[in-house]
1. Mind counting the residues in the stretch 45-72 that are in contact with a Pro (Cβ under 7 Å, 6 or more places away or on another chain), assigned to a loop (DSSP other than H, G, I, E, B) and either not hydroxyl-bearing (Ser, Thr, Tyr) or not assigned by TED's automatic domain parsing to the domain that holds Leu110 (or both)?
2. Just to be sure before I move on: is Lys94 of a type outside the set (A, V, I, L, M) and either in a loop (DSSP other than H, G, I, E, B) or touching a residue at least 60 places away in the same chain (Cβ under 8 Å) (or both) in the structure I sent?
3. Select from the stretch 164-191 the residues that are among the charged types (D, E, K, R) and either more than 29 Å from Leu110 (Cα to Cα) or modelled with pLDDT under 95 (or both) and list them in ascending order.
4. How many of the residues in the stretch 30-76 are surrounded by fewer than 17 Cβ atoms within 10 Å (Cβ to Cβ) and of a type in the set (Ser, Thr, Tyr)?
5. Could you check the stretch 79-91 and list, in sequence order, the residues that are within 11 Å of Arg128 (Cβ to Cβ) and not in a loop (DSSP other than H, G, I, E, B)?
6. Can you name the condition, by its number, that Lys101 falls short on among (1) assigned to a loop (DSSP other than H, G, I, E, B); (2) out of contact with any helix residue (DSSP H, G or I) (no Cβ under 6 Å at 6 or more places or on another chain)?
7. Name the pairs whose Cβ atoms lie under 6 Å apart, with the first residue in the stretch 39-55 and of a type in the set (Lys, Arg), the second surrounded by 19 or more Cβ atoms within 10 Å (Cβ to Cβ), and 6 or more positions between them or separate chains?
8. What do you reckon, is Ala7 over 18 Å from Ala156 (Cα atoms), surrounded by 20 or more Cβ atoms within 10 Å (Cβ to Cβ) and modelled with pLDDT under 95?
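The values are calculated or read from the model by the stated rules, or taken from the named source; none is laboratory data. Not measured: the values here are computed from a predicted model. Note that each Cβ is placed from the backbone with ideal geometry, even for glycine, and that neighbours are counted across all protein chains shown.
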Amino acid sequence: MEMKRLACVAFALMAMPGAAQQMPPPPTPLPRVALDTTAGRIVIEADTRAAPITAGNFLKYVDGKRLDGVVFYRAVKVADKFGFVQFGANGDPKRVLPPIKHEPTTQTGLHHTDGALSVARFAPGTARGDFTISVGDQRASLDADPSKPGDNLGYAAFGHVVEGMDVVTKIMDAPVSPTATIQGSFKGEVPVEAVKVLTARRVPVLVLDLATGAAVAVELAGVREAHRLRAAFAARDRVGACFDRLFDIAALILARVCPQRIGIALGRIVRQRLDRVVVPIGHIRSPPAATCRDRQRAWWARGCRRRASAA
């Protein structure tokens, strides 16, 4: 009899839409760009929210394929795991776009921490298509600092490396020529063998919504690619829509066989483990912790009522 009741509850829950499916959609993730180089892949996340002008400028170079074939022409190693590397158009008239307005770190809130990406410049408002990746914390020397005399606006940070810092460090650690320069500059900072950027392309960002279990791929490179990705994930989304309902069933079973504290604790452990599994995939949107606790208490109370009625 008990198994029949449990089966009926299970089928009812499978037929009901999960409460969490009514939650608002996850926010659009920030665009990511993969630099495939002769030394390996570097993936960069451009913060178009905090630094829309500078990040947008970088994406224009990417979308126009103006960074394909450029090299890391400068490597400055101050100490182990501390310095920076620089790559970009390097004044090539066929690659450069018009200069952009300067966005100081005091305005954007971004900083030159380890892996930060910023745009090189001379005077403020002259930045174009040359970019620097920081190795180590460079806030003291590259961030804006109004307390300093002269040009104290620093450099415009607009993103950070999310994958491939080992490649960046390898480029910085490579031997440099003691005599070579670039147009009379950067003596002692020019690599003996320059690492080449083969391609610079936007990459899809996978958003896994734990509230519904649905996987959504957002491709910010173009509509055609976005349609292809949506079609590829459509089947997974249909299966993923059942995830929340199945979690409801599992939690209800726990509530029926465990005391309240144990049931809630087990539910929390399951949720945390799921978060850890999917975090490497991309951006995560989980239901609020309070919502999970309320639902777990409701499951436990429902199980208690059924146990009492069965007795």
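1. 0
2. yes
3. Result: Lys187, single match.
4. Result for the stretch 30-76: 1.
5. Gly88
6. Tallying (1) assigned to a loop (DSSP other than H, G, I, E, B); (2) out of contact with any helix residue (DSSP H, G or I) (no Cβ under 6 Å at 6 or more places or on another chain), Lys101 fails exactly one: (2).
7. Final answer for the pair search is Arg41/Gly164.
8. No: the conditions fail for Ala7.
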